[in-house]
Amino acid sequence: MFHYEKKLQYPVNIKTPNPRMAKIIIAQYGGPDGELGASLRYLSQRYTMPYPELKGLLTDIGTEELGHFEMIGAIVYQLTRNLNIEQIKAAGFDAYFVDHTTGIYTVAASGDPYTASSFASKGDVITDLHEDLAAEQKARTTYDNILRLCDDPDVADPIRFLRQREVVHYQRFGEGLALTVEKLNTQNFYAFNPSFD
Amino acid sequence: MNRTQQLWQMTADQFSAFDTQLYLDTHPHDRNALNLFNKYQRSHQRARKDFEAAHGPLSSDMESYDSWRWVNDPWPWEREAN
């Protein structure tokens, strides 16, 4: 089961609203390499993981990603507080505004709504772990891009924390892959499909 | 310590324990990591107890108080909470 804890994993405290920045950062709320997709990916893949270390790892990282989803929601929320219509128009936030006002919704920076087709759950430990390694790097690239576009230290600070987590998760998934390959039948040189057959 | 300092202390301990937890998932027999996890976890539990006594519950399943403080502002996504 899941249980709510009434705090963020890392604090978000943004003094200056900035709807243009919100439009970009919402990529990590509902975009193809965002935190919602990350959480659903790991929490879905864990069921068919063959080894206890991987069941634990996917459960724990999938749960952490939900906390990151909440942090991104907090960033977008704080960036869009107390806006007037002129600021909304000037920042190009009007297209989002007409659909959602300042409600937080799972869309990519492009405005496309979240789609589960942005992740896979293939039921094969080798395939899924490679997807996970790639996903962490894609999210890390997205955070690098956000940092290239961001000039507010209040925003960059939690974004840097989230970027670092992608790097750590990549490391842990790499270890998960290494221990999987070790556990495979020694005759299985090409490391394929051990969870089904 | 004020609320922000208390929150930061608790968050740092909790994060240290959690990051060690992920490491332990792929290295479950690493004694040093296990000792480190226990150390961070104990420190987190103490900090959390102090924080909750002063500022209200962080989880709705904890002991009930004289009043239902769970619903009190601020909620985590609000600036005032961080």
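Residues that are more than 14 Å from every other protein chain (Cβ to nearest Cβ), closer than 30 Å to A:Y47 by Cα, out of contact with any strand residue (DSSP E or B) (no Cβ under 9 Å at 6 or more places or on another chain) and of a type in the set (S, T, Y) do occur in the stretch A:108-116, at least one of them.
Would you confirm, using the coordinates I've provided, whether B:N82 is more than 10 Å from the chain's Cα centre (by Cα), within 11 Å of chain A (Cβ to nearest Cβ) and not acidic (D, E)?
Yes: the conditions hold for B:N82.
Taking the residues in the stretch A:28-81 that are more than 12 Å from chain B (Cβ to nearest Cβ) and not in a helix (DSSP H, G or I) as candidates, determine which candidate is surrounded by the fewest Cβ atoms within 10 Å (Cβ to Cβ). Applying the filter and picking the extreme gives A:P50.
All conditions in (1) at the interface with another protein chain (Cβ under 8 Å from one of its Cβ atoms); (2) at pLDDT 95 or above hold for B:S60, with the sole exception of (2).
Would you check if A:T141 is of a type in the set (S, T, Y), more than 14 Å from chain B (Cβ to nearest Cβ) and touching a residue at least 60 places away in the same chain (Cβ under 8 Å)? Before you say what the answer is, go through the steps one by one.
Details: of a type in the set (S, T, Y): yes; more than 14 Å from chain B (Cβ to nearest Cβ): yes; touching a residue at least 60 places away in the same chain (Cβ under 8 Å): yes.
Taking the combined requirement at face value, the residue satisfies it.
Looking across the stretch A:157-178 at every residue that is buried (at least 17 other Cβ atoms within 10 Å of the Cβ) and hydrophobic (A, V, I, L, M, F, W, C), the one that is farthest from B:R79 (Cα to Cα) is identified as A:L177.
Tell me yes or no: at least one residue of the stretch A:174-196 is in contact with a helix residue (DSSP H, G or I) (Cβ under 9 Å, 6 or more places away or on another chain), within 14 Å of chain B (Cβ to nearest Cβ) and acidic (D, E). Scanning the stretch A:174-196 turns up at least one residue that is in contact with a helix residue (DSSP H, G or I) (Cβ under 9 Å, 6 or more places away or on another chain), within 14 Å of chain B (Cβ to nearest Cβ) and acidic (D, E).
For A:T59, state whether it is touching a residue at least 12 places away in the same chain (Cβ under 8 Å), in contact with a Lys or Arg (Cβ under 6 Å, 6 or more places away or on another chain) and polar (S, T, N, Q). For A:T59, the condition - touching a residue at least 12 places away in the same chain (Cβ under 8 Å), in contact with a Lys or Arg (Cβ under 6 Å, 6 or more places away or on another chain) and polar (S, T, N, Q) - is met. Among the residues of the stretch A:82-101, is any under 19 Å from the mean Cα position of the chain (by Cα) and within 14 Å of another protein chain (Cβ to nearest Cβ)? The answer is no, given that none of the residues of the stretch A:82-101 is under 19 Å from the mean Cα position of the chain (by Cα) and within 14 Å of another protein chain (Cβ to nearest Cβ).
Would you call B:A12 hydrophobic (A, V, I, L, M, F, W, C), more than 9 Å from chain A (Cβ to nearest Cβ) and closer than 26 Å to A:V155 by Cα? Yes.
Here are B:H44, B:H29: which of them is more than 9 Å from chain A (Cβ to nearest Cβ) and in a helix (DSSP H, G or I)?
Details: B:H29 fails: in a helix (DSSP H, G or I).
That would be B:H44, the only listed residue that is more than 9 Å from chain A (Cβ to nearest Cβ) and in a helix (DSSP H, G or I).
Tell me, which helices (runs of 4 or more DSSP H) lie completely within the stretch A:86-197 with 3 or more residues that are under 24 Å from A:G62 (Cα atoms)? It would help to see each step written out before you state the result.
Values: elements: A:94-100, A:125-149, A:153-183.
Qualifying helices (runs of 4 or more DSSP H): A:125-149, A:153-183.
For the stretch B:9-27, the candidate set comprises residues that are among the small types (G, A, S) and in contact (Cβ under 8 Å) with a residue 12 or more places away in the chain; within that set, the residue that is surrounded by the fewest Cβ atoms within 10 Å (Cβ to Cβ) is B:S16.
The values are calculated or read from the model by the stated rules, or taken from the named source; none is laboratory data. Quantities reported herein were computed from a predicted structural model and do not represent experimental measurements. Every residue, glycine among them, receives a Cβ derived from its backbone with ideal geometry; neighbour counts consider all protein chains shown.
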